[in-house]
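Novice: Mind having a look at this structure? Questions to follow.
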Amino acid sequence: MNANANIPSSTSHYPSAPTAQKSESHTLSVLVDNEPGVLARVIGLFSGRGYNIESLTVSETEHAKHQSLITVVTTGTPMVIEQIKNQLDRLVPVHRVVDMTLSGRSIERELAMVKVAGKGDNRVEALRLADAFRARVIDATTESFIFEITGKSEKIEQFIALMLPLGLVEVSRTGIAAIARGPDTM
């Protein structure tokens, strides 16, 4: 009789058993028909399966072809990201799904408007920091500024964190827009 017969095995006997995978953030570009209900169907796929959307931007890209580009930033294990891409690809109004993170040849940017209220030294410091971050003043009163900043999400997060103690009032962000480098289209 085997002495280890009653000890449960710590490894699976099934070759496709899931292993612990680290969650990753991916930017997906989804080319769709520009028609009513398409965005709701794409978003419904995410919510219906419990996938999280970290950032979402939508814009018509080709008016003559009636097409729009949906850029979605989502997080999941590599297996979950692959499932999301496959499920998006099967939706009827979807023409193409590109994982901009895996392509490695993309540029991602975000725009934010940051309102800061302050007087005296805080006002001067906010202007100095805005200049260092290449943020533009798009509105100014004697009590506040609205800065426009464009760049990677990390840069915007850092700018916001520095503005907090100086009188940060409000932030409005666009979400990430991404485009592939080089002459080829998506």
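A short reminder: the numbers here are calculations on the coordinates, not readings from a lab. From a predicted model like this one, the values you see are computed outputs, not experimental measurements. Ideal geometry is used to build each Cβ from the backbone, glycine not excepted, and the neighbour counts take in all protein chains shown.
Novice: Whole-Hz Karplus ³J(HN,Hα) for region 171-179, in order, using 6.51 cos²θ - 1.76 cosθ + 1.60 and θ = phi - 60°, x for Gly and Pro?
Specialist: So the J values, rounded to whole Hz, are 9, 10, 10, 7, x, 7, 10, 9, 8.
Novice: With just the Cα atoms defining each centre, how far is region 99-115 from region 56-72? Give it in Å.
Specialist: 16
Novice: A follow-up question, please. Out of these labelled values of Rg and Dmax of the Cα atoms in Å, (1) 17.4, 57; (2) 31.3, 117; (3) 22.6, 87, which was calculated from the coordinates shown here?
Specialist: (3)
Novice: Once the Cα atoms of helix 38-49 and of the chain are each reduced to a long axis, what angle between those two axes, in degrees from 0 to 90 to the nearest 10, is obtained?
Specialist: 50
Novice: Hey, can you grab everything whose amide H is under 5 Å from the amide H of T77? Only 5+ residues off in sequence or another chain; H modelled, so Pro and N-termini drop out.
Specialist: Here the answer is E24, since their amide H atoms fall under 5 Å of that of T77.
Novice: If you don't mind, another one. Lysines near K119 by alpha-carbon distance under 27 Å, same-chain residues fewer than 8 away left out - which ones?
Specialist: K155
Novice: While we're on this one: State, as an integer percentage, the relative contact order of region 58-186 based on alpha-carbon contacts under 8 Å between residues 6 or more apart.
Specialist: Relative contact order comes out at 30 percent.
Novice: Same structure, new question: In degrees between 0 and 90, to the nearest 10, how far off the longest principal axis of the chain does helix 153-167 point, with axes built from Cα atoms?
Specialist: 50
Novice: Given Cβ point charges of +1 (Lys, Arg) and -1 (Asp, Glu) and nothing else, what value in debye, to the nearest 20, does the dipole of region 106-180 about its Cα centre take?
Specialist: 100
Novice: Another question, if that's okay. If each DSSP helix of 4+ residues adds -39,500 (n - 2.57) and the sum is divided by the residues in the chain, what number results at 222 nm, nearest 500 deg cm²/dmol?
Specialist: Calculated at 222 nm, the ellipticity per residue is -9000 deg cm²/dmol.
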